[in-house]
């Protein structure tokens with residue numbers, strides 16, 4: 001986290017909306033990219049917006065301003081999980097039988113079609129590993145789980161991915 | 001041992017996932033910040049107001065319960081003692097409170113003050 005973020009967090013915590021708006025500008029892109037991998041394109045921005053409003057309400061509870069990035073990421077993650085829980089009956093999750101993913105006409109893999117067949121936690125771990133290139137320890141801190149759990153989610157996610165990419169063959 | 005075909009599929013997926021995952025958000029950060037700002041409540045005012053109202057309600061309930069549960073100022077058994085009680089001919093006793101009696105001695109008509117014979 002950059003040094004100039006801490007004063008912004010301190011001002012925002014004291015009720016300065018302008019400072020919080022600047023924090024939103026700084027973190028919006030990263031949070032939407034993360035949410036997109038967990039809940040999909042259609043809901044990502046709504047989830048992040050909800051998370052940021054919740055963060056504003058909870059800001060007085062944030063004890064260490066230097067942890068704002070991870071803290072707001074965790075709030076976003078929980079909002080995303082809540083959304084995936086709400087629409088669980090609509091989304092095929094881990095329990096659903098894997099289906100072959102047809103490549104797009106130009107050979108491009110339709111990423112969300114593949115990702116949505118993983119559990120939300122696996123999607124989150126894979127995003128932070130592959131896209132953000134974070135360490136297991138950093139991922140664990142952000143998601144509120146141990147590094148061992150991170151590795152477990154990633155391994156299961158990889159197995160599931162392999163299964164889906166093979167078209168459901170064992 | 002990893003199957004090289006499967007590994008290459010996963011590698012290809014990772015590469016595509018990285019490109020997909022790093023795309024910009026549809027809404028610009030400036031526009032998003034403006035939208036979020038317009039929806040910001042005032043937590044530093046809203047929550048204390050709620051807490052204040054809740055505390056006032058609790059105090060009101062406690063005060064009401066204390067008022068209803070408190071013993072009356074004069075116990076029923078002492079009420080009789082406060083009524084005037086004749087103690088003898090021409091002597092009447094009143095109670096200002098359970099500890100304070102007031103005694104009146106009434107002289108018969110025509111007698112002198114202090115003459116009880």
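The values are calculated or read from the model by the stated rules, or taken from the named source; none is laboratory data. Values in this document were obtained by computation on a predicted structure and should not be read as measured data. Every residue, glycine among them, receives a Cβ derived from its backbone with ideal geometry; neighbour counts consider all protein chains shown.
Annotation for segment A:104-113: at least one member residue is in contact with a helix residue (DSSP H, G or I) (Cβ under 8 Å, 6 or more places away or on another chain) and at pLDDT below 65.
Give the residues of segment B:30-51 that are modelled with pLDDT of 75 or more and assigned to a loop (DSSP other than H, G, I, E, B), sorted by residue number.
Within segment B:30-51, the subset modelled with pLDDT of 75 or more is B:30-41.
Once the filter is applied, which keeps residues that are modelled with pLDDT of 75 or more and assigned to a loop (DSSP other than H, G, I, E, B), segment B:30-51 yields B:39, B:40, B:41.
Under the condition of being more than 10 Å from chain B (Cβ to nearest Cβ), under 24 Å from residue A:123 (Cβ atoms), without any contact (Cβ under 8 Å) to a residue 60 or more places away in the chain and surrounded by fewer than 23 Cβ atoms within 10 Å (Cβ to Cβ), the residues counted in segment A:1-49 number 3.
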